[in-house]
1. Looking at (1) out of contact with any Ser or Thr (no Cβ under 8 Å at 6 or more places or on another chain); (2) more than 22 Å from ASN24 (Cβ to Cβ); (3) open to solvent by 50 Å² or more (accessible area, probe 1.4 Å), which is the only condition ASP123 fails?
2. Answer with yes or no whether PHE201 is at positive phi, under 18 Å from the mean Cα position of the chain (by Cα) and of a type outside the set (Lys, Arg).
3. I'd like the full set of residues that are more than 21 Å from TYR200 (Cα to Cα) and either open to solvent by 50 Å² or more (accessible area, probe 1.4 Å) or of a type outside the set (Ser, Thr, Tyr) (or both), limited to region 106-120.
4. Name the single residue, out of those in region 85-105 being surrounded by 18 or more Cβ atoms within 10 Å (Cβ to Cβ) and hydroxyl-bearing (Ser, Thr, Tyr), that is farthest from LYS141 (Cα to Cα).
5. Take region 70-84 and flag every residue that is closer than 30 Å to PRO120 by Cβ and either crowded, with 20+ Cβ neighbours inside 10 Å or of a type in the set (D, E, K, R) (or both).
6. Filter region 130-163 down to residues that are small (Gly, Ala, Ser), surrounded by fewer than 22 Cβ atoms within 10 Å (Cβ to Cβ) and over 20 Å from the mean Cα position of the chain (by Cα) and give me whichever is nearest to GLU182 (Cα to Cα).
7. Give the residue that is nearest to SER80 (Cα to Cα), with candidates limited to residues of region 38-69 that are charged (D, E, K, R) and open to solvent by 10 Å² or more (accessible area, probe 1.4 Å).
8. Output the residues belonging to region 8-37 that are under 24 Å from SER175 (Cα atoms), open to solvent by less than 40 Å² (accessible area, probe 1.4 Å) and either within 14 Å of the chain's Cα centre (by Cα) or at pLDDT 95 or above (or both).
Amino acid sequence: MQNAPLRPLGKTGVEVPAIGVGTNRWSYGANDAAVFETYQALVDAGGGFIDTAEVYGFGKSERLIGDCVRKDGRPVFVASKFAPFVARTSARQLLTALDASLARLGLASIDLYYVHFPFPFADLGGFADGLAEAVKSGKAKHVGVSNFNAEQMRRVADRLARSNIPLAANEVHYSLAHRNPETNGVLEACRELDVALVAYFPLASGRLAGPPAESRPDKLDAVRRALAEVAQARQASQSQVALNWLLERDPRVIPIPGATKAHHARANLGALDWRLTDEEFAALDAASAPAK
């Protein structure tokens, strides 16, 4: 990876690229060549934090990433996720799924392995024990959770701590259009526990990149206007401004925007070339503040 800014992955002692990439859409259609071009552009720009999951394209995303890793050859940081569907909630089933993910990726060990979501009524202690065993076996270097609330995070972190394993990250939906982690306790829990907050949908699936609506304004218009004003002043894109806001929000936040083309990847990583002023951050903060 190039000398792009890095961020700590919680208290693991490891640092990762400050902006990564979400790869759910990499499994759509016959786009394998475009995926490899995008992958190369990411690594060229220092964005080699690659986030996938076993459910993305029913394993296709993992297989494509494995192909990219082998063809490119440069070191990257790969994260994937276990999906705890009905009757798939034991530590043994998590470890079996991890083996399958490693086989698709062509890796002996994964850098970060998450539980994808907290299935209702599931035994969080069992999940934590499975994650701990994944680390002890050497099949996962670090472990995390995704879409867990603050109380669930704490329970998993406490259980992992029995094995002297830190909870590395909680991957949640977070953007200027969706600031729930600030009000539901997740961001505060990440600060308290020293856990990275990996932000998916940081560009609100592209809704932050467009111009304000002219005929039928929506609730994001004020945000898009504020983004456009900063973007124009900085000769940057609205997406870069939105990513910058997340980076400035807290040093634990690591956005993982999707990118399916090389120029998208390069544009996203371009957000690391500059920083918002306090005034610009405050303007975006005010425009996107949740309604009281």
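1. Going through the list (1) out of contact with any Ser or Thr (no Cβ under 8 Å at 6 or more places or on another chain); (2) more than 22 Å from ASN24 (Cβ to Cβ); (3) open to solvent by 50 Å² or more (accessible area, probe 1.4 Å), ASP123 breaks only (1).
2. Numbers: at positive phi: yes; under 18 Å from the mean Cα position of the chain (by Cα): yes; of a type outside the set (Lys, Arg): yes.
Spelling it out, PHE201 is indeed at positive phi, under 18 Å from the mean Cα position of the chain (by Cα) and of a type outside the set (Lys, Arg).
3. Across region 106-120, the qualifying residues are GLY106, LEU107, ALA108, PRO120.
4. Among residues in region 85-105 that are surrounded by 18 or more Cβ atoms within 10 Å (Cβ to Cβ) and hydroxyl-bearing (Ser, Thr, Tyr), the one farthest from LYS141 (Cα to Cα) is THR89.
5. As a first pass, look at region 70-84 and keep what is closer than 30 Å to PRO120 by Cβ: 78-84.
Listed by number, the residues that qualify are VAL78, ALA79, SER80, LYS81, PHE82, PRO84.
6. Per the criteria, the residue is ALA161.
7. Pass one, region 38-69, residues charged (D, E, K, R): 44, 51, 54, 60, 62-63, 67.
Then drop every residue that is not open to solvent by 10 Å² or more (accessible area, probe 1.4 Å), which leaves 44, 54, 60, 63, 67.
On the way: ASP44: 22, GLU54: 7, LYS60: 12, ARG63: 12, ASP67: 15 Å.
Result: GLU54.
8. LEU9, GLY10, VAL16, PRO17, ALA18, ILE19, GLY20, VAL21, GLY22, THR23, listed by residue number.
The values are calculated or read from the model by the stated rules, or taken from the named source; none is laboratory data. Computed from a prediction, not measured in an experiment: that's the story for all the values here. A quick note on method: Cβ atoms are made from the backbone with ideal geometry, for glycine too, and the neighbour counts reach across all protein chains shown. Surface accessibility is based on the protein's heavy atoms, side chains included, excluding ligands, DNA and RNA. Shrake-Rupley method; radii C 1.70, N 1.55, O 1.52, S 1.80 Å.
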